Each structure stands twice: as C-alpha cells, then as structure tokens.
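Step one of this worksheet: look at the structure below.
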Amino acid sequence: LIHGFTFLGCLTDAYKETQDIKYLNKGMELINDWLDKHSYQSNKGSMAYHDETTALRLQYLLKFYIYAWNVISENNREKIETRMWETAGLLSEEHFHATNTNHGMFQDISLLLFGFYFDNGKNTLSKSYINLAVSRLKEYFLGVFTTDGVHKEQSPNYHMMVALNIK
C-alpha cells in the first residue's frame, strides 16, 4: 500500500476538506522520498513495481497532481508529471500488463484516466493510451464472465469488484 501511494488519498482528502497546504507539503515530501529511491530499473522485481501496485500509484499521483497543481513548485510538478508519463508507458507495455486478470483491469483503468487527463487533442501518445486501455478493457470484460454472468476469477467478492468497475 505504501508503494501504491494510498496515503496520498488521505492527504489529498484532508487538503480538500481543510485547504491546509501542510497536507500537500507532506504528500510532496513523501512522493519525493519514494521517487528518489525507486526507479524501475533498480526495483523492477520488487513490490514497488508490482502490476496492480504500479496502477494504483499512478491513480493516486494523478489525483494529487490535480489538487496540488497550484500549491507545489514547478519543479515538483515536472517531477511528478515525468514519473507519471514513465509509469503510463510502463502500463502500456505488453510484457508488464497482467492480461486477463483484475490487475490488468486496474492497470488499464489507470492508463485510461491518465490518458483522458492529458488528452488535449494534440497529444497522440495520450490518445494511444486511451485507445489501448479501452481495447484491453473491452477484451477483459467480454471474456471474464461466464455465459451466466458470473465472474471467473477468484471469489464472489471479485465478481462484485469487477462488476462495479464495468461502469
């Protein structure tokens, strides 16, 4: 959960509720600490770059980036943006994708959210991320349920979780 940056959810929510920038400053401090220590090249076999964890991290980074845009420095915005683009690139790679699993679904949802946020009509890379994510999600959702509509992976809890993500 630490590698997934779930703590940013609490810090971002606290900032939204109070408008106290100390929550964003703490988030930025934790982000910088992690980014400085965890490159893909040196940590690719670790939990830091687990398929679902990486997807989760991109979503929390994007949420933080959106809310902190006017508060954090340009240097920190660029640092986060650079890492988000690198992460989106990784999520788009076939060798990294957890195809036909709910982890792959989360990877594609993250890629889709990222692509939509950065799609300004001119960026062909963000558009390609959107198209790839939609294609993968369509394939996953069409293949993951039995003809009776029951999710094939794991347990009834997974059925509910995946079904909720269809919309």
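With the structure loaded, tell me whether G149 is open to solvent by less than 70 Å² (accessible area, probe 1.4 Å), of a type in the set (G, A, S) and out of contact with any helix residue (DSSP H, G or I) (no Cβ under 8 Å at 6 or more places or on another chain) or whether it fails that test. Yes. May I ask you to verify whether F141 is out of contact with any Gly (no Cβ under 7 Å at 6 or more places or on another chain), open to solvent by less than 70 Å² (accessible area, probe 1.4 Å), part of a helix (DSSP H, G or I) and over 23 Å from Y49 (Cα atoms)? Judged against the criteria, F141 is a match.
Residue by residue, here is whether (1) touching a residue at least 60 places away in the same chain (Cβ under 8 Å); (2) farther than 22 Å from G4 by Cβ; (3) in contact with a His (Cβ under 8 Å, 6 or more places away or on another chain) holds:
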{"site": "T87", "(1), (2), (3)": "no, no, no"}
{"site": "N102", "(1), (2), (3)": "yes, no, no"}
{"site": "M105", "(1), (2), (3)": "yes, no, no"}
{"site": "S110", "(1), (2), (3)": "no, no, no"}
{"site": "L125", "(1), (2), (3)": "no, yes, no"}
{"site": "S135", "(1), (2), (3)": "no, yes, no"}
{"site": "T147", "(1), (2), (3)": "no, yes, no"}
{"site": "H151", "(1), (2), (3)": "no, yes, yes"}
{"site": "K167", "(1), (2), (3)": "no, yes, no"}
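Here is the figure for the stretch 18-44: residues that are surrounded by 20 or more Cβ atoms within 10 Å (Cβ to Cβ) and among the aliphatic types (A, V, I, L, M) total 3.
Of all the numbered requirements in (1) open to solvent by 20 Å² or more (accessible area, probe 1.4 Å); (2) touching a residue at least 24 places away in the same chain (Cβ under 8 Å); (3) closer than 26 Å to F116 by Cα, M47 misses one, and that requirement is (3).
Residues checked against (1) at pLDDT 95 or above; (2) open to solvent by 40 Å² or more (accessible area, probe 1.4 Å); (3) among the basic types (K, R):
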| site | (1), (2), (3) |
| --- | --- |
| I72 | yes, no, no |
| R83 | yes, no, yes |
| E86 | yes, yes, no |
| G89 | yes, no, no |
| H95 | yes, yes, no |
| A98 | yes, no, no |
| N102 | no, no, no |
| D108 | yes, no, no |
| L111 | yes, no, no |
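The values are calculated or read from the model by the stated rules, or taken from the named source; none is laboratory data. Please read all numbers here as calculations on a predicted model, not as lab measurements. Using ideal geometry, Cβ is built from the backbone for each residue, glycine included, and neighbour counts are taken over all protein chains shown. Remember, those area values only see protein heavy atoms, side chains included, never the ligands or the DNA or RNA. Shrake-Rupley method; radii C 1.70, N 1.55, O 1.52, S 1.80 Å.
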